[in-house]
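The values are calculated or read from the model by the stated rules, or taken from the named source; none is laboratory data. Just so we're clear, the structure is a prediction, and the values are computed from it rather than from any experiment. Because the Cβ atoms are built from the backbone with ideal geometry, glycine has one as well, and the counts that use them run over all protein chains shown.
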Amino acid sequence: MFFVVNFSMNKLEHIGIAVADLEASEALFTKLLGVSPYKREVVESENVITSFFQVGDVKIELLAATHEGSTIAKFIDKKGEGLHHLAFEVDNLEESLTEKANSGFDLIHTQPKPGADGKIIAFLHPKSTNSVLTEMCQTANK
Ligand code: ZN
């Protein structure tokens with residue numbers, strides 16, 4: 001079956017990867033991807049430092065904990081380093097959150113919050129998305 005609904009995701013915006021040592025993983029992914037990261041950014045509210053690579057249309061976001069209470073530190077404790085989340089771009093994050101909640105998805109964030117790289121973001125709970133932690137993001141002030 002194929003559905004097109006009003007609130008379809010625009011595109012895969014980035015893939016988040018949890019890493020223990022940002023410096024080491026930046027070097028590794030630079031070698032792997034053949035490009036250097038174009039920015040590092042701390043997201044205070046999440047206790048993470050991020051590093052972004054542009055690969056064609058998609059970004060790779062490395063995420064490292066800045067604090068042991070960070071969700072990334074907990075994730076690595078439980079599952080080890082690796083794939084953390086998929087992030088899809090939407091036109092209107094608030095409306096998309098309402099639509100996803102009404103469609104039966106569990107929201108981690110019921111309101112948009114500031115994310116890295118000029119985005120507002122919100123996460124859906126992986127228990128309602130086949131264990132794939134899913135972020136929706138919108139360019140801020142759009
Ligand atoms: Zn992300």
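The rows are residues; the columns are (1) under 22 Å from VAL58 (Cβ atoms); (2) of a type in the set (Gly, Ala, Ser); (3) modelled with pLDDT under 95; (4) not in a helix (DSSP H, G or I).
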site: ILE72; (1), (2), (3), (4): yes, no, no, no
site: ASP77; (1), (2), (3), (4): no, no, no, no
site: LEU83; (1), (2), (3), (4): yes, no, no, yes
site: ALA87; (1), (2), (3), (4): yes, yes, no, yes
site: ASP91; (1), (2), (3), (4): yes, no, yes, yes
site: GLU95; (1), (2), (3), (4): no, no, yes, no
site: GLU99; (1), (2), (3), (4): no, no, yes, no
site: ALA116; (1), (2), (3), (4): yes, yes, yes, yes
- When the range 9-53 is checked residue by residue, the ones that are assigned to a helix (DSSP H, G or I), in contact with a strand residue (DSSP E or B) (Cβ under 8 Å, 6 or more places away or on another chain) and hydrophobic (A, V, I, L, M, F, W, C) are LEU22, PHE29, LEU33
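To keep it simple, each residue is scored yes or no on (1) under 22 Å from ASN47 (Cβ atoms); (2) modelled with pLDDT of 95 or more; (3) within 11 Å of the chain's Cα centre (by Cα).
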residue	(1), (2), (3)
PHE105	no, yes, no
ILE108	yes, yes, no
SER128	no, yes, no
GLU135	yes, yes, yes
ASN141	no, no, no
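Do the conditions hold for LEU63, that is, is it under 22 Å from SER131 (Cβ atoms), in contact (Cβ under 8 Å) with a residue 60 or more places away in the chain, hydrophobic (A, V, I, L, M, F, W, C) and in a strand (DSSP E or B)? Give the derivation first.
On the way: under 22 Å from SER131 (Cβ atoms): yes; in contact (Cβ under 8 Å) with a residue 60 or more places away in the chain: no; hydrophobic (A, V, I, L, M, F, W, C): yes; in a strand (DSSP E or B): yes.
When the stated conditions are applied, LEU63 does not pass them.
Hey, among the residues in the range 21-31 that are among the hydrophobic types (A, V, I, L, M, F, W, C) and surrounded by 14 or more Cβ atoms within 10 Å (Cβ to Cβ), which one's nearest to THR71 (Cα to Cα)?
Residues of the range 21-31 that are among the hydrophobic types (A, V, I, L, M, F, W, C), as a first pass: 22, 24, 27-29.
Those left that are additionally surrounded by 14 or more Cβ atoms within 10 Å (Cβ to Cβ): 22, 29.
Details: LEU22: 15, PHE29: 22 Å.
That would be LEU22.
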- Considering the range 32-82 alone, what residues qualify as being farther than 20 Å from PRO114 by Cα, crowded, with 19+ Cβ neighbours inside 10 Å and of a type in the set (A, V, I, L, M)? ILE76
- Within the range 86-123, count every residue that is closer than 18 Å to LEU12 by Cα and within 12 Å of the ligand (Cβ to nearest atom). 12
